[in-house]
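The values are calculated or read from the model by the stated rules, or taken from the named source; none is laboratory data. All of these numbers come straight from a predicted model, not from anything done at the bench. With ideal geometry, Cβ positions are generated from the backbone for all residues, glycine too; neighbour counts draw on all protein chains shown.
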Amino acid sequence: MTDTDFLHADEQALAQRFIDDGFVTTPADDRAGLDRIQRRAAELAADYLKLPHSNDPYAMLDTIHTRVSVDDLNGLRLHVFNGLNAEPWFRPTYFRLARSTIETIVGNELCMQRRVNLSIQLPGDSSSLLATHSDVWSGDSPFEVVVWVPLVDVRRTKSMYLLPPSLNGDMQDRMASLRSAEELYKTIKPHATFIEIPYGHVMLFNQTLMHGNRVNEEAGTRWSMNCRFKSIMSPYADKRFGEFFEPILLRPATRVGMQYKLPGGFHG
Amino acid sequence: MAERAGHRGYIGARPLNGSRTPQHVQNIVIRDYARRKNLHYLLSAAEHTMPGSYMVLEDILDELPQLHGLILYSIFMLPPDEARRRQIYDRVLREGCDLHAAVEEITLSSQKDIQAVEDILLVNKFATIL
């Protein structure tokens, strides 16, 4: 770091990767916390399926398709989703998985989505797909980022795809001439990149970029969580403060500023 | 023929009749409607916030052969163009599906239901609210 820089070299490099690629992946800041989340997810899944708790939560999650049908998948997902979100340690732990990256990319006064989402994608299942979209198109603010955390290794169609920033604008310009999101996918398909993330790593991505998933053609089940973060004072869209986001880090200077009133009572 | 899965929810990010309803509240309304009507609810898809875009609705219409139907949060989410709406009704019925609107508790399951829906949309276009 030179004496003319405000950011450390590693922060500058991370920020540039985010701008250029639309995402960054890093090892989880709190690996023990990630293991705790994975273990709890496996326990909740076992409870739902009336199975004993496994000593190998990774294998339990990765092979869940051998124990659950597509018809029962949403019931399982909701059980694990509700169970994780009911744990008082869950959201603070989730934040700690990526805290350093979030603070570099977003800032250090933050709000967080109230509920962390969970996706489960069985091999060959077409019932849990997310069509090509940008979160902004359905009411998220362009000032948000998504922290996406797999509970198993993900690669190719077991992961999600993202359109690079260099192409996103051109593709958006073509959208109005297309009929459906599936047509949109066919247009972007040659350029979309499935992101490989080993368990133990987290991804932070730019949700204004087009992304989605396809039928999982890998051997294992995908388990991933996603949650949105934004700078508290940046603009909101349809996903409002209070109902969708809640503050998690508010600094004393901001609290003082929000409560301050100028002296009044002048009559001159 | 593949087994049909249930009724797909359809929520939106645009204001309806000048009012905004949070998306999770729209989902609660749809889920409650489905429970009361004994319909198997499938996770909702959210329409784009961009005015005039119905790409997500088109995706649901493409999915109809695998569904029993769709549940709109409100009937006022349908496109403003009558011809386009009639294409949607025809497509839903041709696929052997039905269309529901949760807020208004409307079911469109045959040709004879169309006029009642169109009457509501037409009156809404002209009537004012104090």
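Take the residues in region A:178-195 that are more than 14 Å from chain B (Cβ to nearest Cβ) and not basic (Lys, Arg); name whichever of them is surrounded by the fewest Cβ atoms within 10 Å (Cβ to Cβ).
Here is the first cut: in region A:178-195, the ones more than 14 Å from chain B (Cβ to nearest Cβ) are A:189-195.
Filter once more, keeping what is not basic (Lys, Arg): A:190-195.
Values: A:Pro190: 7, A:His191: 16, A:Ala192: 21, A:Thr193: 15, A:Phe194: 15, A:Ile195: 20.
Out of the qualifying residues, it is A:Pro190.
Any idea which of B:Leu43, B:Leu67, B:Leu99, B:Leu78 is crowded, with 18+ Cβ neighbours inside 10 Å and either of a type outside the set (A, V, I, L, M, F, W, C) or within 14 Å of chain A (Cβ to nearest Cβ) (or both)?
Result: B:Leu67 is the single residue among B:Leu43, B:Leu67, B:Leu99, B:Leu78 that is crowded, with 18+ Cβ neighbours inside 10 Å and either of a type outside the set (A, V, I, L, M, F, W, C) or within 14 Å of chain A (Cβ to nearest Cβ) (or both).
Check A:Leu262 against each of (1) more than 22 Å from the chain's Cα centre (by Cα); (2) more than 14 Å from chain B (Cβ to nearest Cβ); (3) touching a residue at least 24 places away in the same chain (Cβ under 8 Å) and name the one condition it does not meet.
Single failed check for A:Leu262: (3).
Tell me which residues, restricted to region A:254-268, are of a type in the set (D, E, K, R) and in a loop (DSSP other than H, G, I, E, B). Can you show your working first?
Filtering region A:254-268 down to residues of a type in the set (D, E, K, R) leaves A:255, A:261.
Listed by number, the list holds a single entry, A:Lys261.
Checking the condition buried (at least 17 other Cβ atoms within 10 Å of the Cβ), within 12 Å of another protein chain (Cβ to nearest Cβ), of a type in the set (D, E, K, R) and within 22 Å of A:Met60 (Cα to Cα), which residue from A:Asp125, A:Asp140 passes?
Working: A:Asp140 fails: within 22 Å of A:Met60 (Cα to Cα).
None of the others qualify; the one that does is A:Asp125.
Mind telling me which of the residues A:Glu217, A:Glu243 ends up being farther than 21 Å from A:Ile105 by Cα and at pLDDT 95 or above?
Working: A:Glu243 fails: at pLDDT 95 or above.
Unique residue meeting the criteria: A:Glu217.
On the given criteria, is A:Met175 within 14 Å of another protein chain (Cβ to nearest Cβ), surrounded by 21 or more Cβ atoms within 10 Å (Cβ to Cβ) and among the hydrophobic types (A, V, I, L, M, F, W, C)?
No, not satisfied.
Return the residues of region A:52-71 that are touching a helix residue (DSSP H, G or I) at 6+ places or on another chain (Cβ under 8 Å) and loosely packed, with under 15 Cβ neighbours inside 10 Å; say none if nothing qualifies.
Hits for region A:52-71 are A:Pro52, A:His53.
If you go through region A:150-165 one residue at a time, do you hit one that is within 14 Å of chain B (Cβ to nearest Cβ), within 25 Å of A:Arg17 (Cα to Cα) and either out of contact with any helix residue (DSSP H, G or I) (no Cβ under 6 Å at 6 or more places or on another chain) or without any contact (Cβ under 8 Å) to a residue 40 or more places away in the chain (or both)?
No, there is no match, as no residue in region A:150-165 is within 14 Å of chain B (Cβ to nearest Cβ), within 25 Å of A:Arg17 (Cα to Cα) and either out of contact with any helix residue (DSSP H, G or I) (no Cβ under 6 Å at 6 or more places or on another chain) or without any contact (Cβ under 8 Å) to a residue 40 or more places away in the chain (or both).
Return yes when A:Leu209 is in contact with a strand residue (DSSP E or B) (Cβ under 9 Å, 6 or more places away or on another chain), more than 12 Å from chain B (Cβ to nearest Cβ) and closer than 21 Å to B:Gly52 by Cα and no when it is not. Talk me through it step by step, then tell me what you get.
Details: in contact with a strand residue (DSSP E or B) (Cβ under 9 Å, 6 or more places away or on another chain): yes; more than 12 Å from chain B (Cβ to nearest Cβ): yes; closer than 21 Å to B:Gly52 by Cα: yes.
Here the answer is yes, as A:Leu209 does meet what is asked.
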